[in-house]
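Chemist: Below you'll find the structure I mean.
The values are calculated or read from the model by the stated rules, or taken from the named source; none is laboratory data. All of these numbers come straight from a predicted model, not from anything done at the bench. Ideal geometry is used to build each Cβ from the backbone, glycine not excepted, and the neighbour counts take in all protein chains shown.
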Amino acid sequence: MSATAAAGATPHPSSFPHLFSNSIIKSRHSISVTRNSINPSSPNTPNLTWTASEIADAVNGRIVKWGPPGTVSTDTRTLQPNQWFFAIAGLNFDAHDFITPELSRNKGCAGVIGNRVCENWDKGFVQFDGNTVSSLTKMASYARNRFHGEVVGVTGSVGKTSTKCMIALALQIQSSRGLVLHVHQSRGNWNSEIGVALSLIGVPAGTGIVVLEMGMSGKGEILELARMARPTIRVILNVGASHFQNFSSLEEIGMAKGEILAEAKPGDVCVLNADDPLVMSLPVPIGVKKVLFGQRVGCDVRLVASESTDGGLGVRVVLQNHQEMVEFVIASPGLHLALNACAAAAVATLLGVSLSEIGNRLSAFSPVHMRSELEVGRNGIKIVNDAYNANPVSTKAAIDLLESIDIDCGGKRIVVLGDMLELGAIELESHKMILKCCCCSAHIDLVGLVGRRFCAAAKNLNLLEDRNIVYALDSEIFAQEIVKRVSYNDVVLVKGSRAMQMEKVVNAIKAMEC
């Protein structure tokens, strides 16, 4: 393979500390190495505690009452003993209203961080003035200032959560000498202002790398997340028609995603999808190194080949960089996972992990809950649970996934689609486009539609009388109908925006008797 042009060349491994050197390499971002393996999602990971003084400094507040050191939570429902509760006030709620003595007696709350003192609260209390979310982000910036490892920020219209998990998995490597790099990733899809802030505040002790997902619904949001997290490695996966109601064009969405690059410093790295013209058109600041991934010849990590395997329930992936080529299988459906794996490999090779080791690690990848997650009901029906969210790009990819899965004798391929929200002016055309994909496919036997948008599109296309289309305005009513049409050996894709609550359909199918 020919060498990449200088602007897109992979930085030499010495640009970053190698994962398993004999000692910690001194650089702008040193990486912690210890002899104890810690899974990033393990409940036994030692969290970094905050003292009352540190909390007060971080939020520019004052200590009303001292409390013991502890970690931080914003949810009384999941509050653990010795945690400080950060009271967030929103438009329709105020968490200060939930602060009662029972929070200490029943939950073991160590203290409260808030902008008003609550009656009958006699444990630790740090008070600040002003907006609660702004104070939370101040605390996150304070946490970022005292973290000296690598921070990876991942954004894009689709694939953020899966890619984030793949990056963390690829970096969780153990050497022959038993040395392990500690990687901390944001939980679930904690990609909003509050989620990213909590991810930084909760970085465990001994962490060497933090991997963060960064989402947005409007202009300026990615910029604020990037200012808070200050990623040293900034990843843009793609640009698609998500949250289109707040934008006038795909180019505008691309510029909003590109905000992650705007304040990158010399020595930082941006990892870009070479196959996406809108990503490649984004300006990269002078001194920021560019690393490319994708199918194009000359990419720093190239997706050479990908294909469905194991009857469509897995994906064979072939990746190549300037040193080696690796082939592995991801035991999960969906060809889109191959490009996510390529992006993850581009990040991990930057940090000194060999492509062969990355392949070994990613072969153990399993999808995040409700994201192309394969479930099997007690009735033997296979369900591709992709119910977490939806936009036109991810929905088309999910339909392609369903078409690639082999059907056992007598089984049907069934696609169940909930409305795709926040599409603005392209709402009707997007739903019509997806419906045409389904109805023109010879591989789909039954189409289920949930929500007024898909029903309106079906009416516009004169499809509501089609006997192979089932529809309802909400998921609960639809669930009662679809179970009458599903049977043994069927494969069902369930996909929709979060607000459509498509998991109700999944649960109804799983509960069917044999």
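Chemist: Across segment 275-297, what is the number of residues that are closer than 20 Å to I358 by Cα and either modelled with pLDDT under 95 or crowded, with 21+ Cβ neighbours inside 10 Å (or both)?
Modeler: 4
Chemist: Let me ask another. Under the condition of being modelled with pLDDT under 95 and not polar (S, T, N, Q), which residue from segment 220-247 is nearest to Y142 (Cα to Cα)?
Modeler: Checked segment 220-247; the qualifying residue nearest to Y142 (Cα to Cα) is H243.
Chemist: List every residue pair whose Cβ atoms lie under 6 Å apart, where the two residues are 6 or more positions apart in sequence or sit on different chains, the first residue falls within segment 105-121 and is among the basic types (K, R), and the second residue, located anywhere, is surrounded by fewer than 24 Cβ atoms within 10 Å (Cβ to Cβ).
Modeler: As it stands, the answer is K107/L79; R116/H96, since those pairs meet every condition given.
To keep it simple, each residue is scored yes or no on (1) without any contact (Cβ under 8 Å) to a residue 24 or more places away in the chain; (2) closer than 22 Å to A344 by Cβ; (3) in contact with a His (Cβ under 7 Å, 6 or more places away or on another chain).
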{"position": "V203", "(1), (2), (3)": "no, yes, yes"}
{"position": "K219", "(1), (2), (3)": "no, no, no"}
{"position": "I222", "(1), (2), (3)": "no, yes, no"}
{"position": "A229", "(1), (2), (3)": "no, yes, no"}
{"position": "I233", "(1), (2), (3)": "no, yes, no"}
{"position": "Q245", "(1), (2), (3)": "no, no, no"}
{"position": "E251", "(1), (2), (3)": "no, no, no"}
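Chemist: If Q323 satisfies every condition in (1) in a loop (DSSP other than H, G, I, E, B); (2) closer than 19 Å to S157 by Cβ but one, which is the exception?
Modeler: Against the list (1) in a loop (DSSP other than H, G, I, E, B); (2) closer than 19 Å to S157 by Cβ, Q323 comes up short only on (2).
Chemist: Let me ask something else. Scan segment 421-441 for residues that are small (G, A, S) and assigned to a loop (DSSP other than H, G, I, E, B) and jot them down.
Modeler: Here is the first cut: in segment 421-441, the residues small (G, A, S) are 424-425, 430, 441.
The one that is small (G, A, S) and assigned to a loop (DSSP other than H, G, I, E, B): S441.
Chemist: Given the conditions (1) buried (at least 22 other Cβ atoms within 10 Å of the Cβ); (2) in contact (Cβ under 8 Å) with a residue 40 or more places away in the chain, and given that L272 satisfies all but one, which numbered condition is not satisfied?
Modeler: Going through (1) buried (at least 22 other Cβ atoms within 10 Å of the Cβ); (2) in contact (Cβ under 8 Å) with a residue 40 or more places away in the chain one by one, L272 breaks only (2).
Chemist: Let me ask something else. Anything in segment 222-253 that is among the hydrophobic types (A, V, I, L, M, F, W, C), in a helix (DSSP H, G or I) and farther than 20 Å from E193 by Cα? List them, or say none. Write out each step before concluding.
Modeler: We begin by selecting, within segment 222-253, every residue among the hydrophobic types (A, V, I, L, M, F, W, C); these are 222-223, 225-226, 228-229, 233, 235-237, 239, 241, 244, 247, 250, 253.
Next, from what is left, pick out any that are in a helix (DSSP H, G or I): 222-223, 225-226, 228-229, 244, 250, 253.
Selection gives L250 alone.
Chemist: Quick check on segment 359-384: of everything there that is more than 19 Å from the chain's Cα centre (by Cα) and crowded, with 19+ Cβ neighbours inside 10 Å, which residue is nearest to V415 (Cα to Cα)?
Modeler: Looking at residues that are more than 19 Å from the chain's Cα centre (by Cα) and crowded, with 19+ Cβ neighbours inside 10 Å, I get I383.
Chemist: Just to be sure I understand, how many residues within segment 483-504 are more than 30 Å from the chain's Cα centre (by Cα) and in contact (Cβ under 8 Å) with a residue 24 or more places away in the chain?
Modeler: Adding up the residues that qualify gives 6.
Chemist: Now for a different question. Out of E403, E427, report the one residue that is within 26 Å of the chain's Cα centre (by Cα) and over 30 Å from S248 (Cα atoms).
Modeler: Among E403, E427, only E403 is within 26 Å of the chain's Cα centre (by Cα) and over 30 Å from S248 (Cα atoms).
Chemist: Taking K396 as meeting all but one of (1) buried (at least 23 other Cβ atoms within 10 Å of the Cβ); (2) assigned by TED's automatic domain parsing to the domain that holds G496; (3) not in a loop (DSSP other than H, G, I, E, B), write down the number of the exception.
Modeler: For K396, the failing item is (1).
Chemist: What are the residue pairs meeting all of these: first residue in segment 61-88, first residue surrounded by fewer than 15 Cβ atoms within 10 Å (Cβ to Cβ), second residue among the small types (G, A, S) and part of a strand (DSSP E or B), Cβ atoms under 8 Å, and 6 or more apart or on different chains?
Modeler: From residues that are surrounded by fewer than 15 Cβ atoms within 10 Å (Cβ to Cβ), the pairs are W66/G124; P68/G111; P68/G124; Q80/S73.
Chemist: I222 passes all but one of (1) more than 15 Å from the chain's Cα centre (by Cα); (2) farther than 21 Å from L171 by Cβ; (3) surrounded by 23 or more Cβ atoms within 10 Å (Cβ to Cβ); (4) not charged (D, E, K, R); which number fails?
Modeler: Condition (1) is where I222 drops out.
Chemist: Okay, moving on. Please pick out the residue among G311, G267 that is assigned to a helix (DSSP H, G or I), farther than 30 Å from E422 by Cα and not hydrophobic (A, V, I, L, M, F, W, C).
Modeler: Of the residues listed, the single one that is assigned to a helix (DSSP H, G or I), farther than 30 Å from E422 by Cα and not hydrophobic (A, V, I, L, M, F, W, C) is G311.
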